[in-house]
1. Given the condition small (Gly, Ala, Ser), at pLDDT 95 or above and either surrounded by 22 or more Cβ atoms within 10 Å (Cβ to Cβ) or out of contact with any helix residue (DSSP H, G or I) (no Cβ under 7 Å at 6 or more places or on another chain) (or both), answer yes or no: does some residue in the stretch A:189-197 qualify?
2. Return a yes/no flag: does the stretch A:50-62 have any residue that is out of contact with any Lys or Arg (no Cβ under 9 Å at 6 or more places or on another chain), more than 14 Å from every other protein chain (Cβ to nearest Cβ) and in a loop (DSSP other than H, G, I, E, B).
3. Read through the list (1) free of Cβ contacts under 8 Å to residues at least 60 places away in the same chain; (2) loosely packed, with under 14 Cβ neighbours inside 10 Å; (3) within 16 Å of A:LEU323 (Cα to Cα); (4) of a type outside the set (Ser, Thr, Tyr), then give the number of the only condition that A:MET313 fails.
4. Over 28 Å from B:LYS119 (Cβ atoms), in a helix (DSSP H, G or I) and more than 13 Å from chain A (Cβ to nearest Cβ): is that true of B:VAL161 in this structure?
5. Of the residues B:ALA191, B:ALA216, which single one is under 18 Å from A:ASN84 (Cβ atoms), small (Gly, Ala, Ser), in the same structural domain as B:MET145 (by TED's automatic domain parsing) and assigned to a helix (DSSP H, G or I)?
6. Among the numbered conditions (1) buried (at least 16 other Cβ atoms within 10 Å of the Cβ); (2) under 25 Å from A:ARG179 (Cα atoms); (3) more than 10 Å from chain B (Cβ to nearest Cβ), tell me where A:LYS126 comes up short.
7. Please work out which one of (1) among the hydrophobic types (A, V, I, L, M, F, W, C); (2) surrounded by fewer than 18 Cβ atoms within 10 Å (Cβ to Cβ); (3) in contact with a helix residue (DSSP H, G or I) (Cβ under 9 Å, 6 or more places away or on another chain); (4) within 14 Å of chain A (Cβ to nearest Cβ) is the condition B:LEU200 fails and give its number.
8. Of all residues in the stretch B:164-197, count the ones that are within 14 Å of chain A (Cβ to nearest Cβ) and not hydrophobic (A, V, I, L, M, F, W, C).
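The values are calculated or read from the model by the stated rules, or taken from the named source; none is laboratory data. Please read all numbers here as calculations on a predicted model, not as lab measurements. Quick reminder, even Gly has a Cβ in these numbers, built from the backbone with ideal geometry, and neighbours come from all protein chains shown.
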Amino acid sequence: MVVVRLMNVTKVFRTGVVGVKDINLTVNHKEFMALLGPSGSGKSTTLYLIAGIYRPSSGKIFFDDRDVTNLPPKDRNIGLVFQNWALYPHMRVYDNIAFPLRIKKLPENEIRKKVLETAKMLRIEKLLNRYPWQLSGGQQQRVAIARALVKEPDVLLLDEPLSNLDAQLRISVRAELKRLQKKLGITTIYVTHDQAEALAMADRIAVINNGRIIQIGTPEQVYTKPATVFVGGFLGNPPMNFIEGEIVEEKGKLYIVIAGQKIFAPAHYEPIIRRGGWRKVVVGFRPEDTMILPECRDRNECVKGRVYAVEPMGREYIVVADLGGELVKAIVPRTLVLTDDQEICLCPSLEKIVLFDPKTEKSLEVLAAEKE
Amino acid sequence: MSAGLRDIELRSRKTEILIVVTVLVFSIPLILGYSLLILSSFSKEMVTNLNPRDFIPTLRNWILFFEGRTAVFGGIRVNIWHIVLNTLIVALGVSFLVTLVGSMTGYAVSRLRFSGRKKFMALLMLLHAFPGSVMVVGIYFLYLMFLPSYQMVRLYSFFFVIVARASLEIPMATWLMKGFFDMIPWEVEWAALVDGASRLRVWRKIILPMVKPGVAAVMLFGFLAGWMDIIYVRTFLVDQTLATWIESNINAEYSYLPLVAAAGTFYLLPTIIFFLLAQRLIFTISATGVKG
């Protein structure tokens, strides 16, 4: 099967708009790679470059060792599923799925076999005689996937295939799609703006913003060790909290001052802070890694705040706390009873804190690694 | 699918009746004119004076018409089926050419981002605004410029009528088709390309079936334009079509008007039939077809 490699790929559109800039990406054999980013970030452009619908302005694209940079889409053996599914409205479902095979001029009985097989796999075998407009959104989406899979592509490209489905369905299809990909073992690239989708399905996630790849890593890595403030703020629901802090040293020990209160600098950051001589930082911590206590016992691990609002979410509560004028969120168990304006103590788990440079918005680890 | 849906229910029953009545009043002259024509074609005298005593039922007008007689007395006869055939050749020719060129330019204008595209579209609109009669002389000179002699224009007269008449219809057809192509999402075309189809195949198997209503409409309008044309047929065609034949018989000394009324009714038939059959289609077009 196929390894997809993009090397220094840049796409500038004729209008002068920069689609993507200097993209380097390797998608391994059988891997499920999610391209995650806000709308207009260049993730779909990247996908269309891989599909051959757009041609890169510079850079090269390889499928294994084959340079496909200038190959038309039909010579790349890819399956592509569009956000609006792009079914052929004048053809029945059967003919929609059979279309790629008919182009290949396969004998009709073989086409029949393959279409039925694929339809069975996606559980749409009962719909083969219908027209697309007679199907529900979820069914249309299955047809689109079937059409992409029937030609046994080397690479499966999915452009926000779930975003036109309602929320309930999206979640149930998510698991199904993930399982299908693993079963078929097709190298898959999945474009989405939904961080939950990316985290749930992908083997690795490439976070894209402003036409550049910001971070590539496993869902775990991207979630817990965001490379920039953007990544931390884009992933997670609610996303990571950010608050400005200042580094001070007392008696050989490093502290971060947040909202006028001292907490220990995380141990693993100490060498980085010392080497880089950092003074001002942005402190990032996730709501679920933050404990709330009714009262602070001064141990330099927590900061005092005030309850701004409580949002009951069913499974847990989200507490919005006012921390010296900045709002931060924490997820707490339902058992905790809090009232508005109550004084509370926020304790971010120190080993899970991520520190960023306020100027470049990159994490201190990334900057330290760049220096070496 | 949306059969159960209706317009928002704001209009009262009264206003609705009022609207229907107004529409009826305004269409009275139209309905009256056509009814009188049709009645006259079955009468010995013209009934256009609105005098009921003029109506003396007979089928003679129609019989004479199909015999190709131009007058009740005298021996002038033409082969009417030959004239109908001529009219059909012109109408079908225009229809074919308008559809072919209109759908292709419409696709180009809708899909390709070439420079001067906007100006081209505006120019087409402008062209459509010119009445055809203004251009007859110009077109004649244009033909002469590219042909060695005047005789050639006579020789290929059908060709020249069709090309000239079609070129008048093509701007509108282009706009109409553009509207239809605009409604097809790019993704559908891309999907077919990714599926391995060639450009031509995408056009034929995917795009064209999706704009079928548009093609049908353009074909229809083209046909009617050719069927109805009189100026270009008179200028370029050596043979007669129904339009020129009727026209030449109205003013003739020997003209017998009830017979001309029969011819006129016959001449109206395709228009009436098409509009009855294509009502739905026309509505779709006026609602969605032509848009910038």
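1. The answer is no; no qualifying residue exists.
2. No, the stretch A:50-62 contains no residue that is out of contact with any Lys or Arg (no Cβ under 9 Å at 6 or more places or on another chain), more than 14 Å from every other protein chain (Cβ to nearest Cβ) and in a loop (DSSP other than H, G, I, E, B).
3. Here A:MET313 meets the rest and fails (3).
4. Answer is yes for this residue.
5. Values: B:ALA216 fails: under 18 Å from A:ASN84 (Cβ atoms).
Only one candidate qualifies: B:ALA191.
6. Of everything listed in (1) buried (at least 16 other Cβ atoms within 10 Å of the Cβ); (2) under 25 Å from A:ARG179 (Cα atoms); (3) more than 10 Å from chain B (Cβ to nearest Cβ), A:LYS126 misses just condition (1).
7. (3)
8. 5
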